[in-house]
Amino acid sequence: MIPIEPLGLEADDSAHSLSITWSDGHTSLHDLAQLRRLCPCAECKGEWGLPGTMTATRTLTADQTELVDMRSVGRYGLTPVWGDGHSTGIYTYDYLRKHCECAECAATT
């Protein structure tokens with residue numbers, strides 16, 4: 001089985017979204033605020049039974065949802081760099097696909 005990998009990324013500042021085109025032809029859509037809330041790092045998600053910063057944060061600042069860069073992590077994930085400097089969350093390809101917000105994926109959840 002050939003692994004599914006991203007072929008292209010496109011951030012749309014006016015729509016405040018990120019689209020990812022995958023090697024299987026699917027294009028996933030992610031709202032940047034939702035993507036930040038989904039950050040899988042220990043600081044944001046929490047660890048050892050303690051809540052993370054995204055658990056308690058009700059309102060995100062513009063800096064927290066500004067996508068500055070997207071870095072590749074090996075052959076399995078991407079790390080967003082946010083406007084507030086946060087860059088420790090590794091979003092695996094599976095995690096990104098699982099949280100796709102496109103109309104097609106939303107209809108199946």
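Determine, yes or no, whether residue 55 is of a type in the set (Ser, Thr, Tyr) and either assigned to a loop (DSSP other than H, G, I, E, B) or surrounded by 13 or more Cβ atoms within 10 Å (Cβ to Cβ) (or both). No.
Let me confirm something: among 82, 48, which residue is touching a helix residue (DSSP H, G or I) at 6+ places or on another chain (Cβ under 9 Å) and loosely packed, with under 11 Cβ neighbours inside 10 Å?
Result of the check over 82, 48: 48.
If you go through the stretch 68-78 and keep only what is in a strand (DSSP E or B) and either in contact with an Asp or Glu (Cβ under 9 Å, 6 or more places away or on another chain) or crowded, with 17+ Cβ neighbours inside 10 Å (or both), you end up with 77, 78. For the stretch 1-45, the set of residues classified as surrounded by 12 or more Cβ atoms within 10 Å (Cβ to Cβ), among the hydroxyl-bearing types (Ser, Thr, Tyr) and more than 12 Å from residue 96 (Cα to Cα) consists of 17, 23, listed by residue number. Considered as a group, the residues in the stretch 32-90 that are within 14 Å of the chain's Cα centre (by Cα) and charged (D, E, K, R) include one that is nearest to residue 14 (Cα to Cα), and that residue is 66.
Of the residues in the stretch 43-91, how many are touching a residue at least 24 places away in the same chain (Cβ under 8 Å) and either more than 26 Å from residue 4 (Cα to Cα) or hydroxyl-bearing (Ser, Thr, Tyr) (or both)?
Filtering the stretch 43-91 down to residues touching a residue at least 24 places away in the same chain (Cβ under 8 Å) leaves 43-44, 60, 64-67, 70, 75, 78, 80, 82, 86, 88-91.
Then keep just the ones that are either more than 26 Å from residue 4 (Cα to Cα) or hydroxyl-bearing (Ser, Thr, Tyr) (or both); that gives 43-44, 60, 64-66, 86, 88, 91.
Number satisfying all stated conditions: 9.
Read-outs: derived from the displayed coordinates by stated rules, not from any lab. None of the values given here were measured: they were computed from a predicted structure. Glycine gets a Cβ as well: all are built from the backbone with ideal geometry, and neighbour counts include every protein chain shown.
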